[in-house]
Structure formats: structure tokens, C-alpha cells
2 protein chains.
Amino acid sequence: MRNDITIVLSAADVKLIVEKRTLNQLMDDLIFQLTEEFKNFNPSKTIIPIRSGFNYSGDLPGLIEWMPIYETNKEVVLKVVGYHPKNPFKFNLPTILSTISSYDSKTGHLKGLVDGVLLTALRTGAASAVASKYMAHVDSSVLGLIGCGAQSITQLHAISRLFPINRILLFDNDLEAVNSFEKRCSILELEVDIEFTEIEALMSQSDIICTATSIDVGKGPLFESYSCKPHLHINAIGSDFPGKIELPLTLLRNSFVCPDFKEQAKKEGECQQLNDDEIGPDLVHVIQNNADYKQLSNILTVFDSTGLALEDKVVMDLFLDQAEYLGIGKKIGLENINEDVFNPYSGIRSKVFS
Amino acid sequence: MRNDITIVLSAADVKLIVEKRTLNQLMDDLIFQLTEEFKNFNPSKTIIPIRSGFNYSGDLPGLIEWMPIYETNKEVVLKVVGYHPKNPFKFNLPTILSTISSYDSKTGHLKGLVDGVLLTALRTGAASAVASKYMAHVDSSVLGLIGCGAQSITQLHAISRLFPINRILLFDNDLEAVNSFEKRCSILELEVDIEFTEIEALMSQSDIICTATSIDVGKGPLFESYSCKPHLHINAIGSDFPGKIELPLTLLRNSFVCPDFKEQAKKEGECQQLNDDEIGPDLVHVIQNNADYKQLSNILTVFDSTGLALEDKVVMDLFLDQAEYLGIGKKIGLENINEDVFNPYSGIRSKVFS
């Protein structure tokens, strides 16, 4: 690979890669790679700071954050992600808009830039599948989806790759999202019953639940009292901002709560509600010490998924590898790299005067 | 402007804009815009956090940083910049590699992505010119350049637009950089005498000096004792990392030291060496209270330039405006934005199975 070329994967390029590889194979690749990455994660070789960003209220509230990760002697991956809950209604845009960049840490060169909208949805789904693999009951067949927006499709897709899901229970305050769900997930060709329910029934009948709502800061939790199967596993996706929570404290206190990134989850996730000693080890620990955690599939568990830059790195690398293999993507000389590295004006042909 | 399109300005696009606008006009635009931005800067409307990043030692030491800025209700600009001093010698790449991105803060959409190598050199030069305008003697004609790499060309260019420079004194430990300097700056068509000198002579004869070296962490300052003209103004560019300094403490203590960004300069700039009460107000304050600082042109002054995201925003906006006006740049549908904003798989045509 030339060290002065940036591979740009547009939305169309990313879709083409998915089509060539097929949706299921791509999700399987991603779940496999992510599991391997968690198994081999070494915090002395891979540095993941807590994300930071700008957030604002007013007529168009939202936030723009950057999520960096540094893999020693290899690459820096930086995802910039915007969360703007009024996007679908005001601008016909997804709530989450995002791009992911990868830099060669030997030189600082931008190696690749890729859509982060589909990739975030994919990797967030894959992360829930991996967490469910280590915490949900292996025979889980009923999946509850609280929040039926964009993320719910990839949650369902990823989890359906590992579990024999045959019944899906939906809840969303936005009935349009509920009504369009079956059509949106038809591409997955799943043989499943899909039913709209109230949260109470959804909670009591599901084996696995994914919560991915746009509930406002300070308005959570989504429900208070509940009954559930003893082995229920919940992937809590939506809580990813200070003050934004989805699950009731009693449920969290009755569960084994496993965050993706403990320090971040305490700031932005469901773990905001908990004391330190009420929070379990993170997903990497559970996976790396799997033998000690076999009982999790029989008890109430919550994966507090705030979003991990490691997941972005894995999905970015997967798409860049596929792009290279398939010859897809635009090659752009983005940085001003001249024959004379000491002359920023080298290659400029005009006079100084007009 | 459509809200799903990203304008990408490649190195070639950026050069074309410079050629169409001409180098001098572009630098004049930039100096003017930057001055206006400093004059109108309001910290309650524009938020600039201290940059952060990853840095590493070893065979290929370096750092990759991100510099964010948020202008309320308008845009978030993020520059990612790598500093890898072995790049020119090991990889035939510039020491500084960089790209700049602009996001619509209403939606999170990536509006534009532009080369940050030429743009960083241009805006760093322009910042020195603005600082010199408010601190150097108006008749300054002798410019000293300590460090003759890529940044020295744009330092000279910017300063030559505001001052009647007719003599340039050069110092660099790398004689190749010294020897190639005249050829590199020939595009500027300046009528100047260019001489190589030792630092001592350069210090004593210059009216304005720019220091832009790659001196290693812990190896500074570049010199100890000195004599100089009483009105000497120094633009200290190179000190931008903890432990990296260029100027001796005695000189700083004898000077009015004006940082671009005080908190950052205390961490990474020449101000690392100073106590709080030895550091002057920042450049925005000097410009906004210009009447109180007229005497600066007659005394020893240092602009501690660590690099300000506001400068990146100004140069980014200038190039995006010119690109739109001239019809230059690639329009890419980068983010996966579908007709159905709730369906990340919308528009994917293939089956799920291979």
C-alpha cells in the first residue's frame, strides 16, 4: 500500500462490500473478529481513552463526539459520531451520523476513511451478539426489542446469527417505527413471528432483550416494575450519555451488570445509576475468564453497551480488508505530500500575483 | 448545499484553489480572516478544548493529536495532526501530516474533509503574521529563520505580506535544509538577500524571528546567551509538546510572552518554562485591547504559538468557500444515508445468503 494514498469508502462502496460478501457472512465475520479481539485484548498494547466531545441543548439538541483508539505500532482509529435525535423528523437523516478514520501510527498518514453509520449499526449489533453469547441462555428463542429504530435491525440480525430466535416482541412509542419494522427486517429472511406488545409482556416473555431508544436525558427509566424469566439477558444500547438511562435501578441491582468499558459506562451508561461495587467486570474480562462465568446464562444479566472504540477498529479493519480484496473504494491523494517534503508550495504552478 | 454530501478537497484540489486564487491573495485573505476571527472571538460562543492525543517513543517516535473547536449553532471542526520527525528521512513524507474535517453541528453531518498539511503550514504562517502585526516593529526588514523546514516557507511568506522584509538570515543544523531554502522560496518572488548565519548573529541582527525546529524533547533550548535588538519579536512555532522547548528561559523572562492559547502553552509551549505571573495575555486579548498594547512594538516580545483550532477553522472555511465558488472538489456520499432513515440495510440489493 502506498503511503500517500487514502482509501475512501463511500456509502455506496460500503453497501457494495456488504452485497459481495452477503449480509450474513459479513455479520458472522464481524462477530468472529470482535470475539477474537476481545479474547486477545491487552490494555498495555491497545489504548482506549474515554471519548469526549461537544454537546448542546436548544431547538436542535445533540452531540458530536470522537472515539479514539491506539494500537501500538499499528494504527490510530478515530470515529467521529453525531447523535441528533431530531434528525429523522427535521432533516430526514439518521439519528446517528458518523465516519471512521484510520491513521498509520508510524507516519500519521490517513490510511482510510469509511462511513460510520452502517458500520456503527453493524458493530453495535455484533457487540450485543458477543455479549449475549457469553451471558444469555443458549436456547434463547424470544427476542424483545424496546426501541425499533435503526439500531434494532442490526441488533436482531446479529443476535439471530447466534441464537434460534423464532419470536420477536416489539415496543416503541413511535408506532410508525413499530409498523415498519417487519418490512425493514424482511431482507434478513428470518422465519419469525413478530408481535407488538406492551413493555410488561415483552419483559416477562423474552429470553434476550435489546433496548435502543432515544429517551431524553432525565426522562428514564423506560419502565419501573417488571417480571422476567430468571435467565433474561438484556443488551442496554441506548444509554450512552450523562443522564440518559433506560433501565430501572431495581432491575440493575438484581442483575449481573457487565459494561463494555467501565469508566465510560459509569459516566454515560446504565452504570451511572450504580455504585462501583454493584458493577460487574467488563466484557473483555468475562470473555477472557469464561470458565469462571458459566453460570451467567442462568441468571439475570445486563450488558451495558456504551460503545467501544475497539469495536470501531474491528469493523473498520474488516471493511478496509474487504475493500482491498474486492478492489472497491476511491484512492485519493488527500494530504499535501510533495516530492520535496520540506516545501509546502512544491507543485504549485501559478505565479504569486494575479 | 445538500445535507448528505461531503466535499473532499484532495491535495490537488487544494493546490488548484491556491493557483486560481494566487498564493499572495490567498495568504492575504487568510491573514485578514484570522485577524477578524481574533477580533470577534467570543469564548461563550466558540468552545476550544485543549487538544489531546496519543504519543509514543521508540524507533519511530511521534504523536497523533486531534484539535476540536465548536462554533455554536454552526460547525464542529476537527483537525487530526500527526507529528513524526523521522518521516522526511525514513519515508520521504512531511513531518506534519494532517487532515481537517468540518461537521454541521445541527445534524452531525460531515460537510467537508480537506488536506491539513498545506493548510496547517498556511495558517501557522498567517498566525505569526497576525501576531507580528500587533507586536513587531512596523519597519521590520530583517527576518531570522531558525529551522528551515517546511514551516519556514509559509512563515516567510506570511510575514513578507505585512512587513518590508529585505534580508533573511537562516540557521538550521540540517545544511541541506539551509541550502535548498532559496530555491524553495523562489515561488514567492521576493527581492531579498538570503544569508546563512550562526544563531548568535541571527539573534542580534533580526527584527523578527521565527523558530520552527524539530528539536528533541528535553534537548532545548536552541541557544543560551544572546544579544538582540530591543524591539525584536519572536514567533516561537516549534514548541508544541511537553518537554519540547526552543527558547532560553532568560529570554522569555526578559520578554512580553503572548501565547495563542494559555492553558495549552503552559502544557506544551514555551510557557512550560514560566510561572503563571510571567505569562502575558493571549493574542485574542492583545488584539481586542490593541490600544493598551501599542508599546509592544518597541520591546522584546514572544508569540508562543502552539497551534489553535480556531486557526484551523478559519483556513478550512476559507478553502471550503473557495472550493464552492470555483466548483472544485469531489462530492461524495460518505455517510450511509438512506431513504428510510430507520433502516441501515435499506438500499442493499443482495440476498443474505451467498
About its Cα centre, region B:170-269 carries a charge dipole, from +1 on Lys and Arg Cβ atoms and -1 on Asp and Glu Cβ atoms, whose size in debye to the nearest 20 is 560 debye
Per the charge dipole of region B:177-331 (beta-carbon charges, Lys/Arg positive, Asp/Glu negative, Cα centre), the residue among B:I279, B:M316, B:A291 reaching farthest to the positive end is B:M316
Taking a crude spin-label model, label points 7 Å out from Cα along the C-beta direction, the B:R349 to B:F89 distance in nm is 5.3 nm
Which of A:K79/B:K20; A:K74/B:K219; A:K86/B:K39; B:K219/B:K294; A:K111/B:K15; B:K20/B:K313 exceed 31 Å between C-alpha atoms? The answer is A:K79/B:K20; A:K86/B:K39; B:K219/B:K294
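Please report, in whole Å³, the volume per residue of the convex hull around the C-alpha atoms of region A:126-307.
Details: hull volume 18.1 nm³, N = 182.
Residue-normalised Cα hull volume stands at 99 Å³.
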A chain fully extended from B:E182 to B:T250 at 0.36 nm per residue, minus the present Cα-Cα distance, gains in nm 21.3 nm
Helix A:23-40 sits off the longest principal axis of the Cα atoms of chain A, rounded to the nearest 10 on a 0 to 90 degree scale, by 90 degrees
With the label set 7 Å along Cα→Cβ, B:S180 is separated from its counterparts in the other copies, in nm and shortest first, by 5.6
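Once the Cα gyration tensor of region A:111-152 is diagonalised, what are the square roots of 5 times its eigenvalues, in whole Å and ordered largest first, as equivalent ellipsoid semi-axes?
Values: eigenvalues 129, 42, 6 Å².
Over the Cα atoms of region A:111-152, the semi-axes work out to 25, 14, 5 Å.
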The helix B:175-184 Cα axis meets the longest alpha-carbon principal axis of chain B at an angle in degrees, between 0 and 90 and rounded to 10, of 70 degrees
If you rotate chain A onto chain B, the residue of A with its Cβ nearest that axis, and the gap in whole angstrom, comes out as A:W66, 3
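Dipole of the protein assembly as shown, Cα-centred, from +1 at each Lys and Arg C-beta and -1 at each Asp and Glu C-beta, to the nearest 20 debye?
Numbers: 64 positive and 94 negative charges, 177 e Å.
In total the dipole reaches around 860 debye.
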Whole-Å distance linking the alpha carbon centroid of region B:28-42 with that of region A:168-216 is 52 Å
Interchain or sequence-distant (5+) residues whose placed amide H lies within less than 5 Å of the amide H of A:Y345 are none
Chain B: spread of alpha-carbon positions along the three principal axes, whole Å, largest first, is 76, 44, 42
Out of A:G347, A:F261, A:G329 - ranked by how far each Cα lies towards the positive end of the dipole of region A:204-354, with unit charges on the beta-carbon of charged residues - the top one is A:G347
Listed by chain and number, the residues whose amide H is under 5 Å from that of A:F196, excluding neighbours fewer than 5 places away on the same chain and using placed H, are A:L170
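With the alpha-carbon atoms as the only input, what is the per residue convex hull volume for the protein assembly as shown in Å³? Can you show the working numbers first?
Numbers: hull volume 106.5 nm³, N = 708.
Convex hull of Cα atoms, per residue: 150 Å³.
Please get the size of the charge dipole for region A:1-57, origin at its Cα centre, with Cβ charges of +1 on Lys and Arg and -1 on Asp and Glu, quoted in debye to the nearest 20.
Values: 7 positive and 7 negative charges, 27 e Å.
Dipole of region A:1-57, to the nearest 20 debye: 120 debye.
Take the Cα gyration tensor of region A:303-354, multiply each eigenvalue by 5, square-root it, and list the three semi-axes largest first, rounded to whole angstrom.
39, 17, 10
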With Cα coordinates, the longest principal axis of chain A makes an angle with the long axis of helix A:117-135, in degrees rounded to 10, of 40 degrees
For A:A291, inter-copy label-point distances (7 Å, Cα→Cβ), nm, shortest first, read 7.9
Bounding extents of region A:12-115 in its principal axis frame from Cα atoms, largest first in Å, are 43, 33, 27
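When the helices in chain A are scored as -39500 (n - 2.57) per DSSP H run of 4 or longer and the sum is shared across all residues, what 222 nm value do you end up with, to the nearest 500 deg cm²/dmol?
On the way: 10 runs with 114 residues, N = 354.
Counting only the DSSP helices, I get -10000 deg cm²/dmol.
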Using alpha carbon centers only, region A:291-305 is separated from region B:56-115 by a whole-angstrom value of 40 Å
Taking Lys and Arg as +1 and Asp and Glu as -1, residues besides A:H84 with C-beta under 15 Å from its C-beta add up to -2
If labels are modelled 7 Å from Cα along the Cβ direction, A:E339 lies from its partners in the other copies at nm distances, smallest first, of 5.1
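Can you give the % of DSSP beta bridges in the protein assembly as shown that are antiparallel, to the nearest 5? The partial results should precede the final answer.
Working: 68 of 124 bridges.
If I count the DSSP bridges inside the protein assembly as shown, around 55 percent turn out antiparallel.
DSSP beta bridges in region A:126-307, what fraction antiparallel, as a percent rounded to 5? Display every interim value, and only then the final one.
Values: 1 of 26 bridges.
Expressed as a percentage, antiparallel bridges in region A:126-307 total about 5.
Each reported figure results from applying straightforward, stated rules to the coordinates on display, with no laboratory input. Keep in mind it's a predicted model, so treat the numbers as computed, not measured. Positions of Cβ are backbone-derived with ideal geometry, glycine not excepted, and every protein chain shown enters the neighbour counts.
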